[in-house]
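The values are calculated or read from the model by the stated rules, or taken from the named source; none is laboratory data. Here the structure is a predicted model, which is why all the values come from computation and not from measurement. Here the Cβ positions follow ideal geometry from the backbone for every residue, glycine too, while neighbour counts run over all protein chains shown. These accessible areas exclude ligands, DNA and RNA; they are computed on the full protein's heavy atoms, side chains included. Shrake-Rupley method; radii C 1.70, N 1.55, O 1.52, S 1.80 Å.
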Amino acid sequence: MAFYIEKPTRSFKTLNEQFTINQEIRRKSDNKDFETKLSISGTNGLSIDTSWSPLISWKNLLNIIISQAPMIKENFPLIETSEQRLGRTLLCSAYLLKDGTLVKVYMPKYYTLRELTGTLNRNDKIPLANGILVHARDIAAIVNE
């Protein structure tokens, strides 16, 4: 008999804190594929709940978010806030680029967030761990890794 296995909920906020996204993740016990369901809310009264859909990659997650609430794209980057609920600081973070690429930053999220904020203010580029320079506006999110 199949049953669902749920992973902990992930939470994201936009950098300007106008939108909040809660992501539920689950998979069926007899299947390796994950499904995701999003709950998007905004300070402007926006409230959207999506249905369960396949979670294939980070690019897929970004597409779901943008298709359900296109105005969030103008408020990128998203900042994952899941660790605040857990009451701990994670030692590794990652940049999620708009093309769906995940690039690890081997520093705590606090450092990554400060670096991104400064780079956005200067309208500059960030050197990534894989040796590529990326413009700050091409970063969709900072996630925990």
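General remarks:
- Pairs with C-alpha atoms separated by more than 25 Å, drawn from the list LYS73/LYS109; LYS7/LYS104; LYS28/LYS73; LYS32/LYS73; LYS7/LYS125, are LYS28/LYS73; LYS32/LYS73; LYS7/LYS125.
- Karplus (6.51, -1.76, 1.60) ³J(HN,Hα), θ = phi - 60°, over the range 113-129, in Hz, Gly and Pro reported as x: 5, 5, 4, 5, 4, x, 5, 5, 5, 8, 6, 10, 10, 10, x, 9, 5
- Centroid-to-centroid separation of the range 100-119 and the range 1-44 [C-alpha atoms, Å]: 22
- Average accessible surface for the range 34-123: 57 Å² per residue, computed with a 1.4 Å probe over protein heavy atoms with every protein chain in place.
- Highest mean first, the peptides 63-73, 17-27, 128-138 sorted by other C-beta atoms within 10 Å per residue fall in the order 17-27, 63-73, 128-138.
- Computed FRET value (nearest 0.05) for ASP99 with SER53, which takes r as the C-beta separation and R₀ as 35 Å: 0.95
- Taking the Cα centre of the chain as reference, the dipole from Cβ charges on Lys and Arg (+1) and Asp and Glu (-1) amounts to some 180 debye.
- For the chain, relative contact order (Cα pairs under 8 Å, six or more residues apart, normalised by length) works out to 20 percent.
- Secondary structure note: in the chain, about 95% of the DSSP beta bridges are antiparallel.
- For the range 12-145, with all protein chains in place and a probe radius of 1.4 Å, 49% of the accessible heavy-atom surface sits on carbon or sulfur.
- Under Karplus coefficients 6.51, -1.76 and 1.60, residue-wise ³J(HN,Hα) of the range 57-73 in Hz, glycine/proline x: 7, 5, 4, 4, 4, 4, 5, 5, 4, 5, 5, 7, 9, x, 5, 5, 4
- Note on surface exposure: TRP58, TRP52 rank TRP52, TRP58 by accessible area, highest first, 1.4 Å probe.
- ALA141 long-range amide H proximity, modeled H, under 5 Å: LEU78, LEU96
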